[in-house]
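Engineer: Here it is, the structure, as structure tokens.
The values are calculated or read from the model by the stated rules, or taken from the named source; none is laboratory data. Quick caveat, the model's predicted, so the values are computed rather than measured. Here the Cβ positions follow ideal geometry from the backbone for every residue, glycine too, while neighbour counts run over all protein chains shown. All accessible areas refer to the heavy atoms of the entire protein, side chains included, with ligands and DNA or RNA removed. Shrake-Rupley method; radii C 1.70, N 1.55, O 1.52, S 1.80 Å.
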Amino acid sequence: MGASIYFILVSVLNYSVKMASMEERIKYFRTTPFDPRFPQCNQARHCFQDYLDFHRCEKVMTEKGKDAAPCQWFKMCYESLCPSEWKDRFDSWREEGIFAAKI
Amino acid sequence: MTTYSRMQFLDGANITSSGMIIFHDFAFSILMFILTFVIFMSFISLSTYKHMRLFKEYSFNMLEMIWTLFPALVLLALGVPSFLMMYFLEGELKGDLTVKAVGHQWFWSYEGNDLVSFDFDSYMKLDDSLSMGDNRVLEVDNSLVLPMMTKIRMIITSTDVLHSWALPSMCLKMDAIPGRLNTMNIISLYPGSFYGQCSEICGINHSFMPIHVEFVGWKDYIKNLTSM
């Protein structure tokens, strides 16, 4: 138990010191942020919604003749959340026209 | 890693697991005290039952007060840290990095899409390919490399049956369920390699799909990612 208390103290100290380099990490990495619509442990709906948002966004932007670059945000989100197998399955459903939502 | 000579828990590798170990020791000391006290008192009252008529003839208000309040205080002392630990473990769903672990019959595959996309399967090393010092049925061919001191959002899912992704030295265990993307956070405070095993019976090779995670510094992690 003494060892555990010591570890906790050392860890907390270390963590507070190392937090300074967080900016460096953010420079390298961007991952899906927390979404208040999906606070639950199961993020399946979050993955689905981001996939849907990306394709809706792309469709609307191309219809209006605008640049679709801002839609890449949704793509980044769904790519980091969805397993590649899910993504492939969604793609094939979309191609067959049996995707579970209206794009 | 657990070996035969070990009497206690694995050393905690992050704050939550150290907290859980401390809470266990604390609760255990209280329980041992209660056990000894009850055995002692029952022994005393059995051996001196002839004097128990005193209790019928007199009232001991102070004593009644004590034996009512003392258990309440003991329950409070057990309950408060327990609830604290529970809410501490819930955590947030934020992360600096997202990694996905997908369970298959009978191997794990890991995916990540943050800086460099990677996707690999990690199978158990067979006995023939083990080198000196390797742990039997715990070593894998491609281990997952993660940065330490970083809040990692781990997404656990499965493609066929139920599996469970576990890392005992961090007090983590999460079921892999097809159709669900279960999320949990990992922060390792130390570099090193940590082992786990599939913890939900998933078929004939359930015992042979270990989990091996290596935590390295951030620079080594980037180096590893770019070389993948």
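Engineer: Identify unpaired cysteines across the protein assembly as shown, taking unpaired to mean no other cysteine Cβ lies under 4.7 Å from the residue's Cβ.
Structural biologist: A:CYS41, A:CYS77, B:CYS171, B:CYS198, B:CYS202
Engineer: May I pose another question? Two decimals is fine: what's Rg over Rh for the protein assembly as shown, C-alpha atoms, Kirkwood radius as Rh?
Structural biologist: On the way: Rg = 26.2 Å, Rh = 23.4 Å.
Radius of gyration relative to Kirkwood radius: 1.12.
Engineer: Compute the separation of the alpha-carbon centres of region B:120-179 and region B:193-228 and state it in Å as a whole number.
Structural biologist: A separation of 4 Å, based on Cα centres.
Engineer: Charges at C-beta only: +1 for Lys and Arg, -1 for Asp and Glu. How large is the resulting dipole of region B:97-226 about its Cα centre, in Debye rounded to 20?
Structural biologist: Details: 9 positive and 14 negative charges, 103 e Å.
It works out to roughly 500 debye.
Engineer: With unit charges on the beta carbon (Lys/Arg positive, Asp/Glu negative), name the residue among B:SER18, B:THR150, B:PHE215 whose Cα is farthest towards the positive pole of the charge dipole of the protein assembly as shown.
Structural biologist: B:SER18
Engineer: Also: What's the angle, to the nearest 10 degrees (0 to 90), between helix B:61-90's Cα axis and the longest principal axis of chain B?
Structural biologist: Relative to chain B, helix B:61-90 is tipped by roughly 10 degrees.
Engineer: Restricting to chain B, compute how many DSSP beta bridges are antiparallel as a %, nearest 5.
Structural biologist: Looking only at bridges with both residues in chain B, the antiparallel portion is about 70 percent.
Engineer: Counting only heavy atoms of protein chains, what accessible area per residue, in Å², does region B:12-90 have with a probe of 1.4 Å?
Structural biologist: Numbers: 6290 Å² over 79 residues.
Ligands and nucleic acids excluded, the figure is 80 Å² per residue.
Engineer: Taking the Cβ-Cβ separation of B:MET32 and B:GLU90 as r and a Förster radius of 22 Å, what is the calculated FRET efficiency to the nearest 0.05? Please report the intermediate quantities before stating the final value.
Structural biologist: Working: r = 29 Å, r/R0 = 1.34.
It comes to 0.15.
Engineer: Further question: Distances over 33 Å make up what percent of all Cα-Cα pairs in chain B? Could the numbers behind the result be given before it?
Structural biologist: On the way: 9199 of 25878 pairs.
Cα-Cα pairs in chain B separated by more than 33 Å: 36 percent.
Engineer: While we're here: Tell me the total accessible area that A and B bury against each other, 1.4 angstrom probe, in square angstrom rounded to 100.
Structural biologist: Values: alone 8040 and 14770 Å², together 19490 Å².
Approximately 3300 Å² gets buried when A meets B.
Engineer: Among B:GLY203, B:TYR190, B:SER59, which residue has its Cα furthest toward the positive end of the charge dipole of the protein assembly as shown, with +1 on Lys/Arg Cβ and -1 on Asp/Glu Cβ?
Structural biologist: In the protein assembly as shown, that residue is B:SER59.
Engineer: Another question, if that's okay. Points 7 angstrom from Cα along the Cβ direction at A:ASP91 and A:CYS41: gap in nanometres?
Structural biologist: The answer from the label model is 3.2 nm.
Engineer: When chain B is modelled as a GNM with alpha-carbon springs shorter than 10 Å, which of B:VAL38, B:VAL102, B:VAL140 fluctuates the most?
Structural biologist: Answer for the Gaussian network model of chain B: B:VAL38.
Engineer: Another question, then. Could you give the size of the charge dipole of chain B about its Cα centre, using +1 on the Cβ of each K and R and -1 on the Cβ of each D and E, expressed in debye and rounded to the nearest 20? Kindly include the intermediate steps, with their values, before the conclusion.
Structural biologist: Working: 14 positive and 21 negative charges, 184 e Å.
It comes to approximately 880 debye.
Engineer: Say the dipole of chain B comes from +1 at the beta carbon of Lys and Arg and -1 at that of Asp and Glu; which of B:ALA77, B:MET228, B:MET174 then lies farthest toward its positive end?
Structural biologist: It is B:ALA77, whose Cα lies furthest towards the positive end.
Engineer: Thinking of region B:12-90 as a set of Cα atoms, what percent of all their pairs are more than 14 Å apart?
Structural biologist: On the way: 2289 of 3081 pairs.
Tail of the P(r) past 14 Å holds 74 percent of the pairs.
Engineer: Have a look at the DSSP beta bridges in the protein assembly as shown and tell me what percent are antiparallel, nearest 5.
Structural biologist: Details: 29 of 41 bridges.
Of those bridges, close to 70 percent are antiparallel.
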